[in-house]
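First the structure, in the form of structure tokens, and then the observations on it.
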Amino acid sequence: MEYNRVTAPVIAELKSIVGSQNVLDDPEQMLSYSHDEATGAKWRHLPEVVVKPQNTQQISAILKLANQERIPVTPRGAGSGLAAGAVPFLGGILLTLEKMNRIIELDRDNMFMVVEPGVTTAEVQQCAREAGLFYAGDPCSADSSFIGGNVATNAGGNKAIRYGVTGQHVFGLEVVLADGQVAVLGGKTIKEVSGYNLIQLMIGSEGTLGVITKIYLKLQPRPQFNGVIMAPFASIPAAIQLVPEMITKSGIIPTSIEFMDNLCIKAAEQFLNKQLMFNHAAAYIIIELDGNSEGQLLAEMEMLAEQCYRNNALDVLVGDNAATQERIWKPRRVLAEALRVISPVYSMEDIVVPIKEIPAVVLAINSLSEKYGIRIANFGHAGDGNIHATLLKDQLGHQEWDERKDQLLDELYAEVYRRGGKISGEHGIGAKRKEALTQYIDPVALQTMKTIKRALDPNGILNPGKIFNL
Ligand SMILES: Cc1cc2nc3c(=O)[nH]c(=O)nc-3n(C[C@H](O)[C@H](O)[C@H](O)COP(=O)(O)OP(=O)(O)OC[C@H]3O[C@@H](n4cnc5c(N)ncnc54)[C@H](O)[C@@H]3O)c2cc1C
């Protein structure tokens, strides 16, 4: 694909569409739009211009212009992504959704919320809570990420075992296509078989097929009670073996089952500047449950606690109020920032495997760590089979780091793929994993994705160089 640069007349046109106060072209002002949360200089690039539209019509006009002029457009939510998905590697227009941040409607009768893409996930959760309802999407980045970014990456998070990932709460979208046409997909019905499921096609498409401008989210009744358990273990196998067993044998569907190893415990301890309980443990397993009967919830918590002890847990700590639950969750929630303190450059992976394979894959990660001399912090949504193996650069030189990391990841991805897993469970492919995707995906599936991309965006202007190269 060939692209053109952003010229002075194009900037003038953009200013006439969104107003000159909503167009930035000073490199210093655009710096914060040159990266997301993927670490390392490789994952940064300045846009030529940043535009801040406030409505769908403006986005439609921007895309019409970009398509006509063959200028790349990179949609951006909050920039909390971990796959360099919102980084404008080819320059062009960075289209930030930050000014489209209205909650349009909270429809109690249908239990739906209609929002613009720039509302933070935490605001969506809060608005549902205030209405006595519940939005079940819950990425650990909820305070910072936008709901539009969650939809574009099909974000997972802490409650996916029980409630599913973001896409399972989305029943309607308004999307601006590459040529500026506006498509309205679905709405407030909870079922629909009126043609192809274009909603799910757009979900997780990482800004490569359209710009999401309106989202219909299904809400749930608010669970009345919840409880949290934290079990420290003396060995990784004992901790991780518990995860598939808890899901298949307990007869209980927990809201969350999270895992963090000792390197993570130590990083969280340093970051929070306080001693954590059982800080010598090889791993923590954190389990959350919710429900509408207090008696049943307590009985289930007791059953799961017993299962932890049978699997040799060193102890079982219970969080039954907001303060004790926060004390248990806090070390898990801060890990992305905490690991950055011990190694400013790292590669946070996002592999996902069928739950039965989790123990074997976690042990494989630890042997690869030893083989390549790279420290790996392991944590993640273990109950979903989703582990964020985080490779730490530490003091390695850049070239050595790149070589060793790439070889290690090749072996890891091959192992994951062989076990029926995928290279990304929730963060997406972005720019970071597009080379690996060509190897670890069914070739016909990849070809079909490219056919869809060419059909919807023949000039390839939308987020070029992400997921795959055309
Ligand atoms: C501390 C931390 C914890 C995290 N925890 C989780 C977690 O538990 N689960 C999880 O899944 N992720 C997690 N993430 C990753 C990240 O928060 C998610 O990927 C999130 O969904 C990205 O949202 P965003 O608004 O920041 O999107 P961005 O990073 O701005 O963009 C992500 C992608 O979506 C596209 N995009 C954004 N908005 C739109 C739109 N309106 N229309 C079309 N395309 C768009 C961009 O082009 C890009 O490809 C975490 C990140 C951090 C830093």
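The values are calculated or read from the model by the stated rules, or taken from the named source; none is laboratory data. The shown structure was predicted, so the numbers you read here are calculated from the model rather than taken from an experiment. Every residue, glycine among them, receives a Cβ derived from its backbone with ideal geometry; neighbour counts consider all protein chains shown. For the accessible areas, the whole protein counts, side chains as well, though only heavy atoms, and no ligand, DNA or RNA atoms are used. Shrake-Rupley method; radii C 1.70, N 1.55, O 1.52, S 1.80 Å.
Can you pull out the residues in segment 61-80 that are within 13 Å of the ligand (Cβ to nearest atom) and part of a helix (DSSP H, G or I)? Full working, then the answer.
Residues of segment 61-80 within 13 Å of the ligand (Cβ to nearest atom): 62-63, 72-80.
If the condition is that a residue be within 13 Å of the ligand (Cβ to nearest atom) and part of a helix (DSSP H, G or I), then Ile62, Leu63 are the ones that fit.
May I ask you to list the residues in segment 140-165 that are farther than 21 Å from Ile247 by Cα, of a type outside the set (A, V, I, L, M, F, W, C) and in contact (Cβ under 8 Å) with a residue 24 or more places away in the chain?
Within segment 140-165, the first condition is being farther than 21 Å from Ile247 by Cα, and the residues that meet it are 140-155.
Next cut, of a type outside the set (A, V, I, L, M, F, W, C) only: 141, 143-145, 148-150, 153-154.
Passing the criteria: Ser141, Ser144, Ser145, Gly148, Gly149, Asn150, Thr153, Asn154.
Identify, by number, the condition in (1) buried (at least 24 other Cβ atoms within 10 Å of the Cβ); (2) in contact with a strand residue (DSSP E or B) (Cβ under 7 Å, 6 or more places away or on another chain); (3) outside the structural domain of Glu306 (by TED's automatic domain parsing) that Gly187 doesn't meet.
With (1) buried (at least 24 other Cβ atoms within 10 Å of the Cβ); (2) in contact with a strand residue (DSSP E or B) (Cβ under 7 Å, 6 or more places away or on another chain); (3) outside the structural domain of Glu306 (by TED's automatic domain parsing) applied to Gly187, the lone miss is (1).
With at pLDDT below 95 and under 28 Å from Lys159 (Cβ atoms) as the only criterion, which of Ala382, Ala389, Ala364, Ala377 stands out? Working first, answer last.
Values: Ala389 fails: at pLDDT below 95; Ala364 fails: at pLDDT below 95; Ala377 fails: at pLDDT below 95.
The match here is Ala382.
All but one of (1) farther than 21 Å from Val182 by Cβ; (2) of a type outside the set (A, V, I, L, M); (3) near the ligand (Cβ under 10 Å from one of its atoms) hold for Asp107; state the number of the condition that does not hold.
Just one mismatch for Asp107, condition (3).
Can you spot a residue in segment 328-340 that is free of Cβ contacts under 8 Å to residues at least 12 places away in the same chain and either more than 20 Å from Gly380 (Cβ to Cβ) or open to solvent by less than 50 Å² (accessible area, probe 1.4 Å) (or both)? Reasoning before the result, please.
If we filter segment 328-340 for residues that are free of Cβ contacts under 8 Å to residues at least 12 places away in the same chain, which is where we start, we get none.
No - not one qualifying residue is present in segment 328-340.
Could you list, in sequence order, all residues of segment 395-404 that are open to solvent by 20 Å² or more (accessible area, probe 1.4 Å) and either under 16 Å from Thr39 (Cα atoms) or in contact with a Pro (Cβ under 7 Å, 6 or more places away or on another chain) (or both)? Before you say what the answer is, go through the steps one by one.
Taking segment 395-404 as the starting set, the residues that turn out to be open to solvent by 20 Å² or more (accessible area, probe 1.4 Å) are 395-400, 402-404.
Matches in segment 395-404: Gln395, Leu396, Gly397, His398, Gln399, Asp402.
Against the definition (among the β-branched types (Val, Ile, Thr), within 17 Å of Asn4 (Cβ to Cβ) and buried (at least 21 other Cβ atoms within 10 Å of the Cβ)), how does Ile71 come out, yes or no?
Numbers: among the β-branched types (Val, Ile, Thr): yes; within 17 Å of Asn4 (Cβ to Cβ): yes; buried (at least 21 other Cβ atoms within 10 Å of the Cβ): yes.
The answer is yes for Ile71.
Hey, among the residues in segment 415-463 that are under 19 Å from Leu95 (Cα atoms) and open to solvent by 20 Å² or more (accessible area, probe 1.4 Å), which one's farthest from the chain's Cα centre (by Cα)?
Looking at the filtered set, the residue picked out is Asn459.
Among the helices (runs of 4 or more DSSP H) contained in segment 142-210, which hold 2 or more residues that are within 19 Å of Leu106 (Cβ to Cβ)?
Details: elements: 147-153, 160-163, 198-202.
Correct list: 147-153.
Return a yes/no flag: does segment 204-224 have any residue that is out of contact with any helix residue (DSSP H, G or I) (no Cβ under 7 Å at 6 or more places or on another chain), hydrophobic (A, V, I, L, M, F, W, C) and either under 20 Å from Ser60 (Cβ atoms) or within 15 Å of the ligand (Cβ to nearest atom) (or both).
No - not one qualifying residue is present in segment 204-224.
Out of all the residues in segment 98-141, which are open to solvent by less than 10 Å² (accessible area, probe 1.4 Å) and hydrophobic (A, V, I, L, M, F, W, C)?
Met100, Phe112, Met113, Val114, Val115, Val119, Val124, Ala128, Ala136
What number of residues within segment 128-159 satisfy the criterion of being farther than 17 Å from Pro223 by Cβ and away from the ligand (no atom under 16 Å from the Cβ)?
Result for segment 128-159: 0.
Matching residues to (1) buried (at least 19 other Cβ atoms within 10 Å of the Cβ); (2) under 20 Å from Phe134 (Cβ atoms); (3) modelled with pLDDT of 95 or more:
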| residue | (1), (2), (3) |
| --- | --- |
| Asn279 | no, no, yes |
| Tyr284 | yes, no, yes |
| Glu288 | yes, yes, yes |
| Asp315 | no, no, yes |
| Asp320 | no, yes, no |
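Looking at Val87 and the list (1) within 11 Å of the ligand (Cβ to nearest atom); (2) surrounded by fewer than 23 Cβ atoms within 10 Å (Cβ to Cβ), which single condition is not satisfied?
Exception for Val87: condition (2).
Looking only at segment 234-249, decide whether some residue is under 25 Å from the mean Cα position of the chain (by Cα), surrounded by 23 or more Cβ atoms within 10 Å (Cβ to Cβ), at pLDDT 95 or above and of a type outside the set (Lys, Arg).
no
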